[in-house]
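Only one structure is covered here, and it is reproduced in the block below.
Laboratory data are not the source of any read-out in this text; all were calculated from the coordinates shown. What you see is a predicted model; the values in this text were computed from it and never measured. We place every Cβ from the backbone using ideal geometry, glycine too, and count neighbours over all the protein chains shown.
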Amino acid sequence: MSRQTALHALHVEAGARMVDFAGWDMPLNYGSQIEEHQAVRTSAGMFDVSHMTVIDLPDGSARDFLRRLVANDVDKLAGPGRALYGVLLNEQGGVVDDLIVYRRTDGYRVVVNAGTRDKVLAWFADHNDEKTTIEERDLAMIAVQGPEAIERFESVSGLPVAGLDSFSALESADIMVARTGYTGEDGVEAILPGEAAVALWRKLGTAGVMPAGLAARDTLRLEAGLNLYGQDMDDETSPLVSNLAWTLDFSDRDFIGRAAVEAEKAAGVSARLTGLVLKGKGVLRHGQTVITQTGVGVITSGVFSPTLGIGIALARIPAGAKGSAEVEIRGRRLPVDIVRPPFVRNGRRVYKDPA
Amino acid sequence: MSEIPTELKYASSHEWARLEEDGTVTVGISDHAQQALGDVVYVEHPEIGQTVSAGSEAGVVESVKAASDIYAPVSGTITEVNETLEDAPETVNQDPYGDGWFFRIEPDDPSELEDLLDAAAYADVCEADEH
């Protein structure tokens, strides 16, 4: 039996097509995923992301714990209300998970993926030299995304989120709202108790924010060039071959996996995760082979981009490959351009054609 | 619930077939199939003049979600493909039994149509699909 979020009944009531996702019964779409995608690009959409795992680390010792486990440095967080994106690495430099770390008045809050919940909780427990308190929280989470998201969220919640910088959060009573997201649009993610989430979801709907499902979330995040754990990176791939070198901070501390990624860097990184754009008609898909002038690669995530009207993908290809390549689709080789993601930001195409 | 016109024949792989007055057979995918696929974004047609046998691959339909093969419901020669789907693949979602047709076949043996499912039998296939 799949787990249900606090908003489950509202999805069913809205006629959503429900699917199992990481053990949760989640909305795939509420009719048309393309309409939901366009709502986020042009006005505002909302996602139930309550399946994500929220973990609080309230003790003073959480700082040392996170500095050792997160490959980005939580000391960059200047004060409560600041957030950063990072990865947890294993000793081999593979990615255990990606996460957002929020600094709070008391300690930190981290949000990790749904599918990695058990693994991450075990990882934390096994590496807790500091004996810091690790508390999983049973909270709902709603992402409101799109050019009108801030205005609509403010009008409904009364919380002053327009003044928040990107990757900043405010807390008011039992709600935390952060200016973060997974779509390439402006917006917020609200973490709050289930009952309050139901009320907020209803109010947002009345204010014209369109419910959007997991399918739209996937096309939006891929257009935005954002990795999906388990697909674009996993325990076997390092951040250096996953377009995540920018999340590594080698300042004065050791962290799990540091030695492995430094050794990989010193030896020369053999591959990179980058973007592909299909030049003709068709759709790029996960697992398709990419043939470049310097070797073979693979598509890690591929979709039809509703915003651009073309096939786009993230692919892991030989480090030196650039310009154009070919993708094998049903026995035929179709030309693609190798481009630097993201593909779309704030509703517009942002990638450049290869020189 | 999906629409299943009674005047058409169906394959269990979710294509519909209609015998036209000129003796050709028009082929498309059912309302049930387009709903399951979601937004169609790309259609790959067979070649005109290509011979196909009943149950063989004769094109591909891709939605945002997945790629799915189209099978020829009867054996014969492809005489026409619906070129409007190249620029407007969403027509498959909007009008699966009308403007969203895929291709026409000149059948080798029109009686092969009798081997296909009628609307009632196809409705059972769809129902089984949902469980």
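Only loop residues by DSSP count here, and only those with at most 13 other Cβ atoms within 10 Å; note down the GluC sites (Glu not before Pro) in the range B:1-54 that meet that.
Qualifying residues, ordered by number: B:Glu3, B:Glu7, B:Glu20, B:Glu21, B:Glu47.
Cβ under 10 Å from B:Leu117's Cβ, B:Leu117 left aside: what net charge do those residues give with Lys, Arg +1 and Asp, Glu -1?
Counting the neighbours of B:Leu117, the net charge comes to -2.
FRET efficiency for A:Lys352 and B:Glu130, Cβ-Cβ distance as r, R0 = 41 Å, nearest 0.05?
After rounding to 0.05, the efficiency reads 0.35.
So if we plug the beta-carbon distance of A:Thr42 and B:Thr84 into 1/(1 + (r/R0)^6) with R0 = 25 Å, what FRET efficiency do we get, rounded to 0.05?
0.40
Lysines within cross-link reach of A:Lys281: Cα-Cα under 25 Å, excluding same-chain residues under 8 positions apart?
Filter leaves A:Lys322, A:Lys352, B:Lys65.
Using only Cα positions of chain A, each an equal point scatterer, no hydration layer, compute I(q)/I(0) via Debye at q = 0.12 Å⁻¹ and quote the log10 values to two decimals.
The Cα Debye sum returns log10 ratios of -0.91.
Can you give the local net charge around A:Asn113? Use residues other than it whose beta-carbon is closer than 12 angstrom to its beta-carbon, Lys and Arg +1, Asp and Glu -1.
Local net charge: -2.
Based only on other Cβ atoms within 10 Å, what is the fewest-to-most ordering of B:Arg18, A:Arg332?
Ordered from fewest to most neighbouring Cβ atoms within 10 Å, B:Arg18, A:Arg332 come out as A:Arg332, B:Arg18.
Using a cut-off of 9 Å between beta-carbons, work out the net charge of the residues near A:Arg316 (Lys and Arg +1, Asp and Glu -1, A:Arg316 not included).
Net charge around A:Arg316: 0.
For A:Ser172 and B:Asp69, what is the calculated FRET efficiency with R₀ set at 51 Å and r taken between the beta-carbons, to the nearest 0.05?
Using R0 = 51 Å, I get an efficiency of 0.45.
Could you please state, rounded to a whole Å, how far the C-alpha centre of the range A:1-77 is from the C-alpha centre of the range A:128-179?
12
Report, as a whole number in µm² per second, the diffusion coefficient that Stokes-Einstein gives for chain B at 37 °C and 0.692 mPa s using the Kirkwood radius over alpha carbon pairs.
227
Report the full-extension gain for the segment A:Ala162 to A:Arg330: residue separation times 0.36 nm, less the Cα-Cα distance, to one decimal in nm.
Taking 0.36 nm per residue and subtracting the Cα distance, the gain is 55.7 nm.
How large is log10 of I(q)/I(0) for the range B:1-40 at q = 0.20, 0.25, 0.28 Å⁻¹ when the intensity is taken from the Debye formula with one equal scatterer per alpha-carbon?
-0.61, -0.85, -0.98
Ranking A:His37, B:His32 by Cβ neighbours within 10 Å, fewest first, what do you get?
Going from least to most buried by this count: B:His32, A:His37.
Using every Cα-Cα pair within the range B:50-111, state what percent have a distance larger than 18 Å.
Percentage above 18 Å: 37.
Per residue, how big is the convex hull of the range A:54-125 when only Cα atoms are used? Give it in Å³.
It is 80 Å³ per residue.
Please check which bits of the range B:1-35 a label hung off A:Ala14 would reach, taking the label as a point 7 Å along Cα-to-C-beta and the cut-off as backbone N under 15 Å.
Hits in the range B:1-35 for A:Ala14 at 15 Å: none.
Against the empirical 2.2 N^0.38 Å scaling, what ratio does the C-alpha Rg of the range A:150-284 come to?
Ratio of Rg to 2.2 N^0.38 Å for the range A:150-284: 1.37.
DSSP H helices in chain A with Cα extent of 24 Å or more along the helix axis and mean Kyte-Doolittle hydropathy at least 1.0?
Helices passing the filter in chain A: none found.
Taking Rh as the Kirkwood radius computed over C-alpha pairs, what is the Stokes-Einstein D of the range A:89-236 at 37 °C in a medium of viscosity 0.692 mPa s, expressed in µm² per second?
After rounding, the answer is 195 µm²/s.
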